[in-house]
Amino acid sequence: MRSRSKVTRESLIGLVVPVCLLALATAALAQNAAPAAAAPTPKSIGTYNKEIFQGMKAIVLRAAEVMPEEGYNFKPVDTVRTFGQILGHIADSQYFFSSKVLGEKSPAPQVEKTKATKAELIAALKEAFAYTDKAFDGMTDASAAEMVKLMGGDAPKLGVLTTNSLHTVEHYGNLITYLRMKGLVPPTSDPAFMQEMMKK
């Protein structure tokens, strides 16, 4: 009887000790393990729209780079803008729309009328796009819905910047046609450029 009781205690100790050691090891591993990846934070509507604008900015600047200097005076017919004038118009529109969101008087540099060379227009575009970046950067989810005046009506601030992006893509369509007429590949038809842009 005693012998049986002694074996039972020894067996119990032999079982409890490894279980305790396993529990301690598991706790130690849990403390050292990397925390579980948190669910991705959903993008705000302002962030999403800014990303769309960044894409538009990239393809317009690339189109400006693809066209050689001599192509900046090109236009298919006399009743439309030249390639360079379209770029100037896109630059001017950044100030028009973004100044409404920023609540300040537009700098109105009149790029279309004052810049002509490839270097001048690319530099002016970069400055204009930076102005729109400023409008996006200062926007919160709450301020995105604030109403401002736009072309005789009321529009939410984010709506104004969306209109700017739509206007930009409208004229990017013109740039595509001009590039094609010169035998050049537009940025959005260039797989290498698009793949690189998608990585950013």
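What follows is calculated from the coordinates using simple rules that are stated; it is not laboratory data. This structure is a prediction, so every number in the text was calculated from the model and none was measured. All Cβ positions, even for glycine, are placed from backbone atoms using ideal geometry, and neighbour counts span all protein chains on display.
Overview of values
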{"item": "Spacing of the two label points (7 Å from each Cα toward its C-beta) at GLU127 and LYS199, in nm", "result": "3.2 nm"}
{"item": "Distance-filtered residues of the stretch 148-190 - backbone nitrogen under 18 Å, label point 7 angstrom along LYS75 Cα→Cβ", "result": "171-182"}
{"item": "Evaluated over the stretch 33-142, the Cα radius of gyration and Dmax, each in Å", "result": "17.9, 69"}
{"item": "Stokes-Einstein D for the stretch 122-200, Kirkwood Rh over Cα pairs, 10 °C, 1.306 mPa s (µm²/s)", "result": "106 µm²/s"}
{"item": "Pairwise centroid distance, computed over Cα atoms, of the stretch 140-191 with the stretch 52-129, Å", "result": "12 Å"}
{"item": "Ratio Rg/Rh [Cα only; Rh per Kirkwood] for the stretch 44-92", "result": "1.12"}
